[in-house]
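What follows is a set of notes on a single structure, which appears directly below.
The values are calculated or read from the model by the stated rules, or taken from the named source; none is laboratory data. A quick note: this is a predicted structure, and the numbers were derived from the prediction, not measured. Here Cβ is always computed from backbone atoms with ideal geometry, including for glycine, and neighbour counts include all displayed protein chains.
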Amino acid sequence: MSALPRHVLNTGWILVLPFLVLVVALFLGPIVNILWLSVSEPTPGLGNYAKLFTSDSLGRIIGTTVRICVISTAISVALGYSIAYAMVHAADASRNKMLGLLLMSFWISVLVRTFSWLMLLGRNGVVNNGLEALGIISQPISFMRNELGVLIGMVHYMVPYAVLPILASMQSIDGRVVQASRSLGATGAQTFWRVYLPLTRAGIVAASLLVFIINLGFYVVPAVLGGGKVLMVAEYISVQVLVTLQWGTAAMLAALMLFGVLALLFLMSRFMKLSTVFGGGKA
Amino acid sequence: MAELGKSGSLQLKALTKHYGTFTAVENVDLEIQSGEFLTLLGPSGSGKTTLLMMMAGFQDITSGDILLDGRSIAAMPAEKRNFGMVFQGYALFPHMTVRDNIAYPLSVRKRPKAEIDARVGEMMELVRLGDFAHRLPKELSGGQQQRVALARALCFAPPVLLLDEPLGALDKNLRTEVQAQLKDIHHRIGTTFVYVTHDQEEALSMSDRIVIMRNGHIEQLGTPTALYQQPTTRFAASFLGKSNFLHRDGAVYALRPEKIDLAAAGHGQGANKVAGIVQSVTYFGSVLKYQVEVLGMGLIEVDVDAWRGGAPLPEHSPVDLTWADNAAVRLNDQS
Amino acid sequence: MHDKQFMRESLLQGAQAFQAGKMGRRSFLALCGMAGFASASVLAGRAEAAAGEIVMWNWGGQSEECHTSAIGNAFTAETGIPLKFDTSGPLQGKIKEMVDSGNVTADVCDGDLFDAVALGKTGHLEPIDYTVVDKAKTIDGYALEFGVSIILYGYAFMYDTQTYPDGAPSTWADFFDTTKFPGTRSLYKWANGSLEAALMADGVAKDALYPLDMDRALAKIKAIKADTIYWGSGAEAQQMIVNGEVSMGMVWQNRGRSIENDTNGRYKLVTNQAIAMPGAYIVPKGNPGGAAVMKFIATAQSVQAQLDLFACLGMTPTNPEAIAALAEADQPYSITSAANLPNVVMNDPTWWGENTDAAVNAFLAAIS
């Protein structure tokens with residue numbers, strides 16, 4: 001038993017200790033501060049949390065946020081899956097090109113993307129003007145400044161994030177397993193649904209979690225492409241902090257998002273080992 | 001065990017595979033009899049796996065044809081060929097239980113549940129896996145995984161079973177045991193087995209016939225005995241077993257080490273006799289391996305049954321080597 | 001904020017000790033490494049306010065250049081005190097955070113007069129020193145304890161002359177009438193101005209707007225919600241019009257002239273019933289530059305400074321002498337020019353200072 005302290009205090013821990021202290025100070029500190037604000041501003045108590053049940057608009061904002069995040073996650077992951085699939089099955093040279101393009105899209109700021117979508121799909125955008133010139137439509141189609149616009153903008157931003165974990169899980173599949181399925185008489189569709197898809201499940205879950213959690217924090221895209229009518233939690237928090245000075249409400253919503261994400265991770269961990277989702281070794 | 005299904009015969013006609021400018025398989029003609037255990041033996045890069053993958057339908061063929069019971073299957077996709085296949089590393093479905101792995105070929109064919117259950121039970125008995133039905137592959141040992149792969153590949157009664165180095169991942173002791181099991185299963189079900197390996201012992205112990213592959217073509221084809229006793233090339237003689245090569249009258253002869261008798265100088269008797277000096281002697285339990293320097297012939301290897309005679313002759317002893325006339329086999333190679 | 005400062009100070013001390021040879025190279029690098037995470041956020045921050053200079057916290061864009069030429073140069077010439085900028089936008093929440101954290105880095109904020117009411121009440125602002133700043137050089141009622149209006153901007157609307165060739169909209173009632181004037185329109189999404197416009201459209205007289213009848217205003221807003229999109233910044237409002245997304249759009253009045261130019265006159269500004277908003281200079285509590293900032297504010301009240309600001313940013317002067325000195329051609333674009341004044345509404349900063357939180361949240365609930 002006297003050997004125990006050596007395990008706990010081995011040199012590795014001593015090396016990371018300063019960073020742990022920093023992480024606690026710089027990361028946990030603000031979180032505790034937020035939690036504290038949520039129960040102390042403007043008056044001590046759970047009044048901010050009670051608003052969740054009494055305020056229609058808060059419920060609606062949270063509902064809108066969850067709905068848009070779920071839809072956008074589903075579409076992003078589906079598109080990301082297709083792209084990853086194409087990449088895995090492309091020749092090396094073109095796969096590298098595709099990966100380059102994918103990573104390049106990370107460098108384009110969300111503001112630039114957002115305004116590009118307006119140019120492209122706005123009321124007077126390239127697409128609407130083109131369709132009108134071709135006589136296909138007589139009235140412009142409302143792609144932007146509504147929920148559809150928000151979804152287009154968010155999906156476009158999130159697809160690369162969805163591709164990477166799925167790509168990783170596809171690349172780890174032993175090609176012989178797919179061959180085995182075919183040799184055993186399964187059609188392409190059967191092989192996909194019964195073998196390929198289940199084997200990429202960890203990638204899909206990881207991508208979904210990643211996309212959903214990032215989606216929760218989306219601010220610029222809904223604010224601009226939603227035309228002001230699609231109010232999501234992140235923008236609402238920002239308004240409460242900066243404009244209406246209701247920091248208690250803002251902190252409560254921030255805490256709620258934090259707990260929501262943690263609950264999601266917990267639920268997921270009951271179905272599968274999180275380490276497999278995040279690539280931490282094979283279970 | 002009841003008969004599992006009709007076994008099939010395969011015919012390869014002038015089969016060729018190019019990868020760009022590289023020729024992996026060149027103009028191979030081969031007839032595989034129904035019910036036969038045929039082994040493709042060769043070093044890596046000899047084209048044996050490419051040949052198997054073309055039979056399985058996972059490799060396009062560049063030219064030539066493959067016939068199953070007389071009908072061309074060259075253009076048929078892998079999933080329509082109905083060949084069982086055991087892969088290197090087994091390629092079990094990691095997310096399915098043993099039972100579901102074995103049932104897979106039947107369930108994708110949408111067979112009734114009762115039939116699947118009965119059949120899976122039968123197969124698990126065949127490969128003696130009854131207790132493991134609900135385990136996942138990762139919970140099994142290598143030998144058990146290998147048996148699951150075999151049961152899965154045989155479950156739908158394929159006319160032909162293709163095996164790609166199926167024992168490569170097993171340790172040596174287990175391998176011998178599994179060889180016997182495989183041979184036994186082949187006997188019981190009578191399906192045509194096409195077996196790829198680079199291990200000569202596996203080839204010799206299990207096969208009805210062996211195809212020795214080299215650089216994309218068939219070097220020699222025959223029963224294990226015929227190949228061992230009558231190799232036609234240096235390559236065949238040295239890849240399957242060991243051989244000394246003698247150069248006589250512009251021809252090359254293969255002479256197996258165990259076919260040479262060794263005696264102290266002056267005691268050798270036989271039609272062919274040469275004198276030499278022992279360079280080294282190594283004890284292997286069942287045999288003593290001598291290396292003997294013979295003037296004009298170089299180092300000759302000689303295997304002597306260890307239980308015969310007394311103590312090994314020491315290094316530098318002068319010895320006589322003798323062998324029967326029919327022991328040296330004339331090869332097709334030029335001297 | 002405290003820990004950031006601590007980190008920065010340890011780094012500075014470390015650097016000095018390193019130069020003086022008192023600290024080994026490795027220890028200094030380790031300190032830098034540990035601080036690296038934090039210092040990125042520290043260093044990419046604001047202009048540092050220090051005694052002997054004035055830091056103005058404004059909204060970026062052209063304003064830095066305009067504030068320098070209109071006010072800064074004269075102020076520095078007179079006092080020798082340089083003017084610096086933080087262009088990150090002094091929203092109420094940011095001012096509150098800065099003062100609460102005790103790390104005040106700005107001296108004067110280019111804010112709204114209702115900010116002065118809201119933040120003054122909570123003790124986040126320095127009072128304006130009216131022995132230095134002149135109450136007479138602004139509009140009556142816009143010189144408050146914690147802020148003084150320097151310029152006016154406002155909410156007006158613009159319309160597409162091609163969509164409405166026969167009979168242009170000229171009132172907020174027209175703006176809210178989607179039968180007579182069909183098409184998409186835009187409103188400001190943080191309630192301000194939009195509420196006043198809705199009430200006027202619903203028949204409330206411009207002198208009887210305050211206190212705002214929220215329910216009535218929101219009912220009017222909701223009635224045209226299907227035909228409305230909402231903007232959050234001046235640039236966005238401008239873009240909605242220039243890109244032809246709206247047939248009628250609320251804009252910040254001072255941008256009207258440049259939008260008319262950008263669209264070659266296709267969109268026209270309507271200043272009738274515009275809502276004049278008092279922009280104000282306010283001083284965060286404990287500002288580092290001290291009392292000198294009052295001199296800066298006084299400089300901004302001068303006729304020349306106000307005319308320069310109008311020329312540079314399109315913001316209407318509050319100094320009555322400056323308004324009187326505007327050129328004839330500039331009169332229509334000055335929200336409180338003699339011609340416009342009878343038709344505009346003067347925003348009530350006290351109502352907004354006390355009700356912004358409730359008004360904004362109710363507005364957001366109505367439009368989302």
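Odds and ends about this structure:
- Taking helices (runs of 4 or more DSSP H) as the structural unit, those lying wholly within segment A:175-257 and holding at least 3 residues that are crowded, with 23+ Cβ neighbours inside 10 Å and either among the charged types (D, E, K, R) or within 13 Å of another protein chain (Cβ to nearest Cβ) (or both) correspond to A:175-183, A:220-225, A:233-242.
- No other residue among A:84, A:133 is crowded, with 16+ Cβ neighbours inside 10 Å, away from chain C (no Cβ under 14 Å) and out of contact with any Gly (no Cβ under 7 Å at 6 or more places or on another chain) apart from A:84.
- Tabulated pairs, segment B:88-102, first more than 8 Å from chain A (Cβ to nearest Cβ) and among the hydroxyl-bearing types (Ser, Thr, Tyr), second part of a loop (DSSP other than H, G, I, E, B) and crowded, with 17+ Cβ neighbours inside 10 Å, C-beta under 9 angstrom, 6+ apart or interchain: B:90/B:166
- Given (1) over 24 Å from the mean Cα position of the chain (by Cα); (2) within 14 Å of another protein chain (Cβ to nearest Cβ), number of the condition residue C:233 does not satisfy: (1)
- Taking the conditions (1) surrounded by fewer than 24 Cβ atoms within 10 Å (Cβ to Cβ); (2) outside the structural domain of residue C:316 (by TED's automatic domain parsing); (3) within 23 Å of the chain's Cα centre (by Cα) in turn, residue C:198 satisfies each one other than (1).
- Leading residue by the ranking (surrounded by the fewest Cβ atoms within 10 Å (Cβ to Cβ)) among those in segment B:66-80 that are at the interface with another protein chain (Cβ under 8 Å from one of its Cβ atoms) and touching a helix residue (DSSP H, G or I) at 6+ places or on another chain (Cβ under 7 Å): B:79
- Cβ pairs under 9 Å, 6+ apart, first in segment A:203-226 and not assigned by TED's automatic domain parsing to the domain that holds residue A:63, second among the β-branched types (Val, Ile, Thr) and modelled with pLDDT under 95: none
- Every test in (1) touching a Ser or Thr at 6+ places or on another chain (Cβ under 8 Å); (2) of a type outside the set (D, E, K, R); (3) more than 23 Å from residue A:116 (Cα to Cα); (4) part of a loop (DSSP other than H, G, I, E, B) is passed by residue C:289 save one, and that test is (1).
- In this entry, residue A:61 passes the filter for residues that are touching a residue at least 40 places away in the same chain (Cβ under 8 Å) and among the hydrophobic types (A, V, I, L, M, F, W, C).
- Matching option when the condition is surrounded by fewer than 22 Cβ atoms within 10 Å (Cβ to Cβ), part of a loop (DSSP other than H, G, I, E, B) and away from every other protein chain (no Cβ under 14 Å), among C:329, C:311, C:338: C:338
- The numbered conditions (1) touching a residue at least 60 places away in the same chain (Cβ under 8 Å); (2) in a loop (DSSP other than H, G, I, E, B); (3) touching a helix residue (DSSP H, G or I) at 6+ places or on another chain (Cβ under 8 Å) are all true for residue B:219 except (2).
The rows are residues; the columns are (1) on the phi < 0 side of the Ramachandran plot; (2) among the hydrophobic types (A, V, I, L, M, F, W, C); (3) in the same structural domain as residue B:186 (by TED's automatic domain parsing).
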{"site": "B:20", "(1), (2), (3)": "no, no, yes"}
{"site": "B:24", "(1), (2), (3)": "yes, yes, yes"}
{"site": "B:29", "(1), (2), (3)": "yes, no, yes"}
{"site": "B:38", "(1), (2), (3)": "yes, yes, yes"}
{"site": "B:55", "(1), (2), (3)": "yes, yes, yes"}
{"site": "B:60", "(1), (2), (3)": "yes, no, yes"}
{"site": "B:69", "(1), (2), (3)": "no, no, yes"}
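- Filter pass, residue B:116 being among the β-branched types (Val, Ile, Thr), more than 30 Å from residue B:51 (Cβ to Cβ) and assigned by TED's automatic domain parsing to the domain that holds residue B:189: yes
A quick yes/no check of all residues on (1) under 16 Å from the mean Cα position of the chain (by Cα); (2) under 24 Å from residue B:102 (Cβ atoms); (3) outside any helix (DSSP H, G or I):
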| site | (1), (2), (3) |
| --- | --- |
| B:27 | no, no, yes |
| B:31 | no, no, yes |
| B:39 | yes, no, yes |
| B:45 | yes, no, yes |
| B:49 | yes, no, no |
| B:52 | yes, yes, no |
| B:59 | no, no, yes |
| B:65 | no, no, yes |
| B:76 | no, no, yes |
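Yes/no matrix, rows are residues, columns are (1) closer than 24 Å to residue C:316 by Cβ; (2) in contact with a strand residue (DSSP E or B) (Cβ under 6 Å, 6 or more places away or on another chain); (3) within 14 Å of chain A (Cβ to nearest Cβ):
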| position | (1), (2), (3) |
| --- | --- |
| C:102 | no, no, no |
| C:127 | no, no, no |
| C:132 | yes, no, no |
| C:141 | yes, no, no |
| C:146 | yes, yes, no |
| C:151 | yes, yes, no |
| C:158 | yes, yes, no |
| C:165 | no, no, no |
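- Of all residues in segment B:305-323, one or more are under 23 Å from residue B:249 (Cβ atoms) and either polar (S, T, N, Q) or surrounded by fewer than 17 Cβ atoms within 10 Å (Cβ to Cβ) (or both).
- All of (1) at pLDDT below 95; (2) within 21 Å of the chain's Cα centre (by Cα); (3) within 14 Å of chain A (Cβ to nearest Cβ) hold for residue C:355 with one exception: (1).
- Cβ-Cβ under 6 Å pairs, at least 6 apart or on other chains, segment C:225-249 side assigned by TED's automatic domain parsing to the domain that holds residue C:263, far side assigned to a loop (DSSP other than H, G, I, E, B) and surrounded by fewer than 20 Cβ atoms within 10 Å (Cβ to Cβ): C:227/C:178; C:243/A:124; C:244/A:124; C:247/C:163; C:247/C:183
- Scanning segment A:28-41 for residues that are surrounded by fewer than 12 Cβ atoms within 10 Å (Cβ to Cβ) and not in a helix (DSSP H, G or I) gives no hits.
- Within segment C:201-224, if we keep just the residues that are outside any loop (DSSP other than H, G, I, E, B) and surrounded by 17 or more Cβ atoms within 10 Å (Cβ to Cβ), the residue that is farthest from the other protein chains (Cβ to nearest Cβ) turns out to be C:201.
- When the residues of segment A:109-146 are filtered to those that are in contact (Cβ under 8 Å) with a residue 12 or more places away in the chain and among the charged types (D, E, K, R), the one that is nearest to residue C:237 (Cα to Cα) is A:145.
- All told, residue B:202 falls short of being at pLDDT below 95, assigned by TED's automatic domain parsing to the domain that holds residue B:41, within 22 Å of the chain's Cα centre (by Cα) and exposed (fewer than 15 other Cβ atoms within 10 Å of the Cβ).
- Lone qualifier among C:249, C:256 - being part of a helix (DSSP H, G or I) and touching a strand residue (DSSP E or B) at 6+ places or on another chain (Cβ under 6 Å): C:256
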